[in-house]
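First the structure, in the form of structure tokens, and then the observations on it.
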Amino acid sequence: MEIKECRSTMDLTREVELTQVRYDEESRTKNRIVREVPLTILVNGTELATMLCTPDKLEYLAVGFLLSEGLIKKEAEIKGITLNEKGWYIRVEIADDDLLEEGMASKRVIGTGCAGGISFYRAVDAKDCLPLKSGVLISREKVFSMMKEFLGMSGLYRDTHGVHSAALCSSEKIEIFTEDIGRHNAIDKIIGECFLKGISTEDRIILTTGRISSEILIKVAKQRIPIIVARSVPTDMAVGLAERLNVTLIGSVRGSRMNIYTHDWRVKVETIPKKR
């Protein structure tokens, strides 16, 4: 199936006129702001959700959202995905209606993908997660260098300062990069892309610019990802879940400083050979 993976920043932004104030001086100027669209997701003709999002990688977003919220099961075979940009809706066709989560077909949600929106988040999701057994490691130096590279990848953020970014990485390099107005959406885009391309998320690392709340932690743990690294901070529930699920949670990565909240054994110190 053909998926348009990337748009230019011009497609994702709109120029507006505004009044800029600096102390007691003001002037009229123009600025670019990020676009926001309402994306309605239908599965086998049933409307399940309307999400507010950035209009990029929407096929990945739809599939990632359906998977991470448990609305379709991982065994589902996706027969087709059709995106209509005029009405901003996306049709996902799966081979077997039985792989739709029971009872979810009657629920409809409108959300922003951030803390203020309603979501399908259920406390039972935490119970569905099993502790991870991954032994993957990352060096402190690589955490710092990948975060620096990651923060420099978003031209959309530089243009608007209005999006979150997320990335899937190995312990050596960044492999998938996404961005969206919603921190949840950015991670769901990664989940959807991995599912549709057959990319394993096990023993991988998530980078994010957003706050790590409990539902973000659960999204990551359900994909068997053992390390999550954030520029921002976690909540207490996220830290508690990370401890129980054997996830290494790293936050406040800025410059050469970071806070390792759980399972710090995965973050190794590189030893530099002494000169003779």
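The values are calculated or read from the model by the stated rules, or taken from the named source; none is laboratory data. None of these values were measured; they are calculated from a predicted model. Note that each Cβ is placed from the backbone with ideal geometry, even for glycine, and that neighbours are counted across all protein chains shown.
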In this structure, is Lys148 of a type in the set (Lys, Arg) and in contact with a Ser or Thr (Cβ under 7 Å, 6 or more places away or on another chain)? no
In the set Val239, Val269, the lone residue that is modelled with pLDDT under 95 and either touching a Gly at 6+ places or on another chain (Cβ under 6 Å) or surrounded by fewer than 20 Cβ atoms within 10 Å (Cβ to Cβ) (or both) is Val269
From the residues in region 199-228 that are hydroxyl-bearing (Ser, Thr, Tyr) and in contact (Cβ under 8 Å) with a residue 60 or more places away in the chain, which one is farthest from Ser252 (Cα to Cα)? Ser214
Which members of region 26-77 meet the condition of being closer than 25 Å to Cys129 by Cα and not hydrophobic (A, V, I, L, M, F, W, C)? Tyr60, Gly64, Ser68, Glu69, Gly70, Lys73, Lys74, Glu75, Glu77
For Ile260, which of the numbered conditions (1) loosely packed, with under 14 Cβ neighbours inside 10 Å; (2) in contact with a Lys or Arg (Cβ under 9 Å, 6 or more places away or on another chain) fails to hold? (1)
Residue that is at negative phi, more than 11 Å from the chain's Cα centre (by Cα) and of a type in the set (Val, Ile, Thr), where the choices are Thr178, Thr201, Thr208: Thr201
Condition check: over 25 Å from Gly70 (Cβ atoms) and either modelled with pLDDT of 95 or more or of a type in the set (Asp, Glu) (or both). Does Lys148 satisfy that? yes
In region 142-151, is there at least one residue being in contact with a Phe, Trp or Tyr (Cβ under 9 Å, 6 or more places away or on another chain), buried (at least 21 other Cβ atoms within 10 Å of the Cβ) and not in a strand (DSSP E or B)? yes
If we keep just the residues of region 65-93 that are touching a Ser or Thr at 6+ places or on another chain (Cβ under 9 Å) and not in a strand (DSSP E or B), which is nearest to Gly192 (Cα to Cα)? Glu69
Return only the number of the condition from (1) under 23 Å from Tyr60 (Cα atoms); (2) of a type in the set (Lys, Arg); (3) in a loop (DSSP other than H, G, I, E, B); (4) modelled with pLDDT of 85 or more that Arg122 does not satisfy. (4)
Please list, ordered by first then second residue, the pairs with beta carbon atoms under 6 Å, 6 or more apart or interchain, first in region 130-141 and among the polar types (S, T, N, Q), second outside any loop (DSSP other than H, G, I, E, B). Ser139/Lys268
Whichever residue in region 168-197 is among the small types (Gly, Ala, Ser) and farther than 18 Å from Pro55 by Cα and, among such residues, is surrounded by the fewest Cβ atoms within 10 Å (Cβ to Cβ): Ser170
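For region 202-273, list the strands (runs of 3 or more DSSP E) that sit wholly inside it and hold at least 1 residues that are touching a helix residue (DSSP H, G or I) at 6+ places or on another chain (Cβ under 6 Å) and of a type in the set (Phe, Trp, Tyr); which are they?
257-262
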